[in-house]
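The values are calculated or read from the model by the stated rules, or taken from the named source; none is laboratory data. These figures come from a predicted structure and were not determined experimentally. Glycine gets a Cβ as well: all are built from the backbone with ideal geometry, and neighbour counts include every protein chain shown. Heads up: the accessible areas ignore ligands, DNA and RNA and are worked out on the full protein's heavy atoms, side chains in. Shrake-Rupley method; radii C 1.70, N 1.55, O 1.52, S 1.80 Å.
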Amino acid sequence: MFVMLNPKRIIIPTGYMGSGSSVITDLMSEVDGVDVSRGTFEYVFMHCPNGVFDLEDKLLIGNNAVRSDEALHSFEHTMKQLYDKKYWWVGNYKNNIGEDFWQTTKDYVKSITDVVSDYYWYYQENTNLGMFLRLCVNKGLKLITLNRYKPKKVLAYSPMRVSFVTPERFYNATNKYIYKLFDMAGYSKQSILLDQLLLPFNLFRFENYFNEDAFVFVIERDPRDVFISNKYFWSKKGEPVPYPTDVKEFCKYYKSLRAIEKPTACDRVCRIRFEDLIYNYDETVALIFNKLGWDRKTHTAPKTKFNPERSIFNTQLFLKSKEFSAECDYIAKELNEFIYDFPYTINHSNCEVF
């Protein structure tokens, strides 16, 4: 019979596109009492366009009546797509979160809405194809009835909704909303892992939304290996790569990517080097368990999913070939603050890289 030794946690792995954040998922799958059944499914509803964070910015910065109407409708429309679209790889929330996701979302929107009105504004009058067809039909009916037919105003949507929510009310309502979603996803029973629920660029918002039970692990990786993986391994397999493959453009992009982050001092945001989980395995795993307040006894299947002896062959890729030397020397110079100090060098063949 399973006895829970660890307090329940919400575990959020994140990183920098190819930095190895799935290592946290693999590690957590070796621990008793953690639901990692959804694997590396990426939960985007907070940071996606028209997600929770966009709603926050629209309602709390420069808000007005018409702005809030667009914000609420855009958020609701995007959440409906995430709920309904079964074959959208970031969607199908009906199964990936729970059947009550959509109703819970509508209840949340209602809780931060102040006024529902039949009034309309120019945004609702912006004609689309459906509206155009309805206008044509209405025009025909008016001609046939000699203007006795009085159609309703053709709008993109109705009614108009207004929110002048305060920050305190917004964050309280949103906290209740997302924790209802977490319970749907299994948190009512045990710890859960929600991959990419936050991105490194959103971490300054973290404490506004989450309780003391949520922890973020930001995984960083030597940019030389990130570049080599993108250009010489993933792209050659036909995989889409998120970074430029020209080394100068890569360095400019990577610098800008890291520069836009806003720092947070929250001690529940933990930065981990991918390489430390390999070259300093015991110390780094201990750090993660201490951060979570967990008993190491619950790590009952160590190295069965994340094996540092195997994953070591995904490091120091920049040493694999002389072909990489000039590019990686350039990266080491331009991105020096992100370079990992490897304790020793390794040799590996292409078949050992995965």
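Of the listed requirements (1) modelled with pLDDT under 95; (2) open to solvent by 50 Å² or more (accessible area, probe 1.4 Å); (3) farther than 14 Å from residue 53 by Cβ, residue 184 misses just one: (1). Filtered by the rule that a residue be of a type in the set (Ser, Thr, Tyr), under 12 Å from the mean Cα position of the chain (by Cα) and surrounded by fewer than 20 Cβ atoms within 10 Å (Cβ to Cβ), region 10-50 gives a lone residue, 40. Applying the criterion of at least 2 residues that are among the aliphatic types (A, V, I, L, M) and touching a Phe, Trp or Tyr at 6+ places or on another chain (Cβ under 8 Å) to the helices (runs of 4 or more DSSP H) found wholly in region 225-333 leaves 247-259, 281-292.
Does at least one position in region 276-296 carry a residue that is touching a Cys at 6+ places or on another chain (Cβ under 6 Å), surrounded by 12 or more Cβ atoms within 10 Å (Cβ to Cβ) and either modelled with pLDDT of 95 or more or among the aliphatic types (A, V, I, L, M) (or both)?
Residues of region 276-296 touching a Cys at 6+ places or on another chain (Cβ under 6 Å): 291.
Now narrow it down to the ones that are surrounded by 12 or more Cβ atoms within 10 Å (Cβ to Cβ): 291.
With either modelled with pLDDT of 95 or more or among the aliphatic types (A, V, I, L, M) (or both) added as a condition, the list becomes 291.
Yes, that holds for at least one residue.
Right, residue 90: surrounded by 17 or more Cβ atoms within 10 Å (Cβ to Cβ) and not in a helix (DSSP H, G or I) or not? Judged against the criteria, residue 90 is not a match. When region 266-322 is filtered for residues that are in contact with a Ser or Thr (Cβ under 9 Å, 6 or more places away or on another chain) and free of Cβ contacts under 8 Å to residues at least 40 places away in the same chain, the ones remaining, listed by number, are 276, 278, 289, 319.
Would it be correct to say that residue 342 is touching a Ser or Thr at 6+ places or on another chain (Cβ under 9 Å), of a type outside the set (S, T, N, Q), open to solvent by less than 70 Å² (accessible area, probe 1.4 Å) and not in a helix (DSSP H, G or I)? Before you say what the answer is, go through the steps one by one.
Details: touching a Ser or Thr at 6+ places or on another chain (Cβ under 9 Å): yes; of a type outside the set (S, T, N, Q): yes; open to solvent by less than 70 Å² (accessible area, probe 1.4 Å): yes; not in a helix (DSSP H, G or I): yes.
So residue 342 fits the description; yes.
The lone criterion from (1) modelled with pLDDT of 95 or more; (2) over 30 Å from residue 19 (Cα atoms) left unmet by residue 221 is number (2).
Residues in region 51-87 that are of a type in the set (Asp, Glu) and either open to solvent by less than 40 Å² (accessible area, probe 1.4 Å) or closer than 23 Å to residue 123 by Cα (or both): 54, 56, 57, 69, 70, 76.
Might you check whether a residue that is open to solvent by 50 Å² or more (accessible area, probe 1.4 Å), hydrophobic (A, V, I, L, M, F, W, C) and farther than 27 Å from residue 241 by Cα occurs anywhere in region 101-118?
Taking region 101-118 as the starting set, the residues that turn out to be open to solvent by 50 Å² or more (accessible area, probe 1.4 Å) are 103, 106-107, 110-111, 114-116, 118.
Add one more test, that the residue is hydrophobic (A, V, I, L, M, F, W, C), and what stays is 115-116.
After this cut, where a residue has to be farther than 27 Å from residue 241 by Cα as well, the list is 115-116.
Scanning region 101-118, I find at least one residue that is open to solvent by 50 Å² or more (accessible area, probe 1.4 Å), hydrophobic (A, V, I, L, M, F, W, C) and farther than 27 Å from residue 241 by Cα, so the answer is yes.
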